[in-house]
Amino acid sequence: MAASWLVIVAILLGIQYCKTFALNNGVALTPPMGWLAWERFACDTSCTSDPQNCISEQLFLDMGKKLVDLGFKDLGYEYVNIDDCWMSKERDSSNRLQADPDRFPNGIKSLADQLHSMDLKLGIYADYGSHTCAGYPGSIDHMELDAQTFAEWGVDMLKLDGCNSRVADMKTAYPQMSQYLNKTGRPIVFSCSWPDYERASGINPDYKMVAENCNLWRNYNDISDSWDSVLGIINYYSSHQNDFQPYAGPGHWNDPDMVLYIVDYVNICHITADNRRFLFKQNTGKVTVCNMVHICSTTADVH
């Protein structure tokens, strides 16, 4: 039985290190690991009524401290990733993105500096379209400026979403952002939503092209708080592995979305350590924890 599980894990992983397709930015040579806000905290901006759970500077500092204090940083969980809803509703007078001044009073650069002082890294979110999925300013007419801004702030990873855009344009737009990020001279992991939007639109993604321009890429639906969602992602990866398996390896990874989001909802603490490792390792890519607030003490054995 144990041998069968190993075969399943090997199939799902599908990593071929003999091939190199990645963009030449020198990052993500191993799958990035860290914490991401979205599944647990979503777009909660109500800091007056819900200060412990809103998307704010304090939330990301608190989660960074938990990564350190609970020992996750020592296991390689180094990224603290912001998702949607961090921005002000308007760009500044120079057309630059800016953080919401009430929820991020010291700005993103200060947040990055503080996380760097903990030996952690900061990931941020933007959207290729006219607006983000939650309606904040998009990057479609400002991609080079946004890349420069993120580099100046000390950002270490960019997730570029694709809401409110033409899917047919993504095969041009995402490589452009990749070039703009490289042009800044700062090593920034580039996480792309491009293939998933193509899949949902009935377009077969060109994974070789994706891997040449992205360090990470989403292939399937967002994860949600149910086992049906988890199993749906596992089944999709299993049945489509031949499409993207050859392109996974150092510097270029499949991203099945967050893994430990299930801590709050189906209580992963009662799942065996071997099964938790299976959930992690099937991912062939980024491993992000979604909730460090109520995480169980035994979860850190998964590494």
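The values are calculated or read from the model by the stated rules, or taken from the named source; none is laboratory data. For clarity, every value in this text was computed on a predicted model and none was experimentally measured. When we count neighbours, we look across all protein chains shown, and the Cβ atoms used for this are built from the backbone with ideal geometry, even at glycine. Only protein heavy atoms, including side chains, enter the accessible area calculation; ligands, DNA and RNA are left aside. Shrake-Rupley method; radii C 1.70, N 1.55, O 1.52, S 1.80 Å.
Could you list, in sequence order, the residues of the range 142-162 that are within 12 Å of ALA126 (Cα to Cα), open to solvent by 30 Å² or more (accessible area, probe 1.4 Å) and in contact with a Gly (Cβ under 9 Å, 6 or more places away or on another chain)?
LYS159 - this is the single residue of the range 142-162 that is within 12 Å of ALA126 (Cα to Cα), open to solvent by 30 Å² or more (accessible area, probe 1.4 Å) and in contact with a Gly (Cβ under 9 Å, 6 or more places away or on another chain).
Would you please name the residue that is least open to solvent (accessible area, probe 1.4 Å), looking only at residues in the range 29-61 that are assigned to a helix (DSSP H, G or I) and farther than 17 Å from ASP102 by Cα?
PHE41
If you check SER193 against the conditions, is it more than 16 Å from the chain's Cα centre (by Cα) and at pLDDT below 95?
No: the conditions fail for SER193.
Answer yes or no: is there a residue in the range 169-177 that is open to solvent by 10 Å² or more (accessible area, probe 1.4 Å), of a type outside the set (Val, Ile, Thr) and part of a strand (DSSP E or B).
No, that holds for no residue.
Please tell me if LEU97 is at pLDDT 95 or above, part of a loop (DSSP other than H, G, I, E, B) and either open to solvent by less than 10 Å² (accessible area, probe 1.4 Å) or in contact with a Gly (Cβ under 6 Å, 6 or more places away or on another chain) (or both).
Yes.
Any chance the range 127-140 includes a residue that's surrounded by fewer than 17 Cβ atoms within 10 Å (Cβ to Cβ) and in contact with a Pro (Cβ under 8 Å, 6 or more places away or on another chain)?
Yes, the conditions are met somewhere in the range 127-140.
What residue, of ASP92, ASP102, ASP113, is under 21 Å from THR184 (Cβ atoms), open to solvent by 30 Å² or more (accessible area, probe 1.4 Å) and in contact (Cβ under 8 Å) with a residue 40 or more places away in the chain?
Values: ASP92 fails: in contact (Cβ under 8 Å) with a residue 40 or more places away in the chain; ASP102 fails: under 21 Å from THR184 (Cβ atoms).
Among ASP92, ASP102, ASP113, only ASP113 is under 21 Å from THR184 (Cβ atoms), open to solvent by 30 Å² or more (accessible area, probe 1.4 Å) and in contact (Cβ under 8 Å) with a residue 40 or more places away in the chain.
Which one of ALA147, ALA126, ALA151 is part of a strand (DSSP E or B), hydrophobic (A, V, I, L, M, F, W, C) and under 13 Å from LEU97 (Cα atoms)?
So the residue among ALA147, ALA126, ALA151 that is part of a strand (DSSP E or B), hydrophobic (A, V, I, L, M, F, W, C) and under 13 Å from LEU97 (Cα atoms) is ALA126.
Quick one: in the range 146-169, which of the residues that are aliphatic (A, V, I, L, M) and under 19 Å from the mean Cα position of the chain (by Cα) is nearest to MET33 (Cα to Cα)? Break it down stepwise before answering.
Taking the range 146-169 first, the residues aliphatic (A, V, I, L, M) are 147, 151, 155, 157-158, 160, 167-168.
Filter once more, keeping what is under 19 Å from the mean Cα position of the chain (by Cα): 147, 151, 155, 157-158, 160.
Values: ALA147: 22, ALA151: 20, VAL155: 15, MET157: 11, LEU158: 14, LEU160: 17 Å.
Filtering first and then ranking leaves MET157.
Output the number of residues of the range 62-94 satisfying the condition of being in a loop (DSSP other than H, G, I, E, B) and not polar (S, T, N, Q).
15
What number of residues within the range 70-97 satisfy the criterion of being more than 19 Å from the chain's Cα centre (by Cα) and over 18 Å from LEU111 (Cβ atoms)?
Of the residues in the range 70-97, 9 are more than 19 Å from the chain's Cα centre (by Cα) and over 18 Å from LEU111 (Cβ atoms).
Inside the range 183-216, can you point out the residues that are aliphatic (A, V, I, L, M), in a loop (DSSP other than H, G, I, E, B) and farther than 20 Å from GLY123 by Cβ?
The answer is ILE203, and nothing else.
Looking at SER165, is it open to solvent by 20 Å² or more (accessible area, probe 1.4 Å), of a type in the set (S, T, N, Q), modelled with pLDDT of 95 or more and touching a helix residue (DSSP H, G or I) at 6+ places or on another chain (Cβ under 8 Å)? Before you say what the answer is, go through the steps one by one.
Numbers: open to solvent by 20 Å² or more (accessible area, probe 1.4 Å): yes; of a type in the set (S, T, N, Q): yes; modelled with pLDDT of 95 or more: yes; touching a helix residue (DSSP H, G or I) at 6+ places or on another chain (Cβ under 8 Å): yes.
Criteria met by SER165.
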